[in-house]
Amino acid sequence: MAGTKAVITAGPTREAIDPVRFITNRSSGKQGYAVATALRDLGADVTLISGPVALPAPAGVTRVEVETAEQMLAATLQSAAGADLLVAAAAVADYRMTDVAAHKIKKHSDTLSLALQRNPDILATVRAAQPGLFMVGFAAETERLAEHARDKLARKHLNLIAANQVGAGLAFDVDTNALQVFWADGQQAIAQGSKQAVAQQLAELIAHHYLKATPAA
């Protein structure tokens, strides 16, 4: 992968409710960071766009820190404009507040309703901006893994998608993972293992498909 410019997104995003509260998810960023490290080890020039995580930046990787989905979109568009490869491993919040409260929301009633609006679709936006970019997505699912992953692969016009089962202590905020990787005419399982071992196998698979799809100079 020497000479290849790769962009990786990793971790969760946070969407403010008020100055002290936010909407987020259980992503630790460990799998995305491991993928960034594995692609670096294969020789790629890696930019890591990271949501808020408690992880150090991998050596030799350029890290761009963001918080919200809109910030992640802007950073991804900017970095992907000069890249060859995008791996979108971040767990991006689907919704954000319609209006963020200027002050801490107080307990005035037994129930509270929050008005939310949909966040921009990072993969769809990047694909529209760069039709030729080699793109790898992630799908975290609690059911019908293959069905949902293949649907996302087609809808987002991805080259590959790495799907994992989540919930009940799986994948999120733990040190192990397992993946089912899909592409237009095939699939490959990556067995349960450390996130570093899973990332190494995924990076090799990405490299194989990327090089296969990229004409030799």
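Phe134 contributes about 10 Å² of solvent-accessible surface, heavy atoms of the protein only, 1.4 Å probe.
In this structure the amide hydrogen of His157, modeled in the peptide plane, comes within under 5 Å of no amide hydrogen from residues 5 or more places off or on another chain. Looking at the chain alone, DSSP beta bridges between its own residues are antiparallel in about 40 percent of cases.
Got a sec? Charge dipole of the chain, +1 on Cβ for Lys and Arg, -1 for Asp and Glu; which of Gln196, Gln165, Ala74 is way out at the positive end? Value computed over the given set: Ala74. Given the alternatives (1) 1.03; (2) 1.28; (3) 0.98, Cα Rg over 2.2 N^0.38 Å as computed for this entry is given by (1). Each label point was placed 7 Å from the Cα along the Cα-to-Cβ direction; for Thr214 and Tyr95 their separation is 4.0 nm. Counting only alpha carbon atoms, the long axis of helix 30-41 and the longest principal axis of the chain meet at about 30°.
Rounded to the nearest 20 debye, the dipole magnitude of the chain is 180 debye, with +1 charges on Lys and Arg beta carbons, -1 on Asp and Glu beta carbons, and the Cα centre as origin.
Give me the percent of accessible area attributable to carbon and sulfur for segment 70-217, probe 1.4 angstrom. Whole-percent figure for carbon plus sulfur exposure: 51. Helices in the chain, meaning DSSP H runs of at least 4 residues, each add -39500 (n - 2.57). Divided by all residues, the mean residue ellipticity at 222 nm is -9000 deg cm²/dmol. Straight-line reach from Lys195: taking Cα to Cα under 16 Å and skipping same-chain neighbours fewer than 8 places apart, the lysines in range are Lys30. To the nearest ten degrees, helix 195-213 and the longest principal axis of the Cα atoms of the chain are 60 degrees apart. Length gained on full extension, Thr176 to His103: 22.4 nm, using 0.36 nm per residue less the C-alpha separation. Between Ala81 and Arg144, the simple label model (points 7 Å from Cα in the Cβ direction) yields a spacing of 3.9 nm. If R0 is taken as 30 Å, the Cβ-Cβ distance between Gln192 and Val20 corresponds to a FRET efficiency of 0.20. Note: relative contact order over the chain, using C-alpha pairs below 8 Å and six or more positions apart, is 20 percent. Residues in the chain average 51 Å² of solvent-accessible surface per residue, probe 1.4 Å, ligands and nucleic acids excluded. The relative contact order of segment 108-217 comes to 17 percent, based on Cα pairs under 8 Å that sit 6 or more residues apart.
Among Asn164, Asn119, Asn177, which one shows the biggest mean-square fluctuation in a GNM of the chain, springs joining Cα atoms closer than 10 Å? Per the Cα network of the chain with a 10 Å cutoff, Asn119 tops the list.
Within segment 19-139, DSSP assigns beta bridges of which about 25% are antiparallel (rounded to the nearest 5). Considering only alpha-carbon pairs that sit under 8 angstrom and 6 or more positions apart, the relative contact order computed for segment 1-113 is 39 percent. What does the C-alpha gyration tensor say about the overall shape of segment 96-175? Classify as rounded when a/c is under 1.5, otherwise prolate if a/b is larger than b/c, or oblate. Taking the square roots of the gyration eigenvalues as a ≥ b ≥ c, segment 96-175 is oblate.
Could you state the angle between the C-alpha long axis of helix 145-155 and the longest principal axis of the C-alpha atoms of the chain, as a value from 0 to 90 degrees rounded to the nearest 10? With rounding to tens, the tilt is 80 degrees.
The values are calculated or read from the model by the stated rules, or taken from the named source; none is laboratory data. Predicted, not measured: the structure shown is a model, and the values here were computed from it. Virtual Cβ from ideal backbone geometry, glycine too; neighbours counted across all protein chains shown. Calculation scope for accessible area: heavy atoms of the full protein, side chains included, ligands and nucleic acids excluded. Shrake-Rupley method; radii C 1.70, N 1.55, O 1.52, S 1.80 Å.
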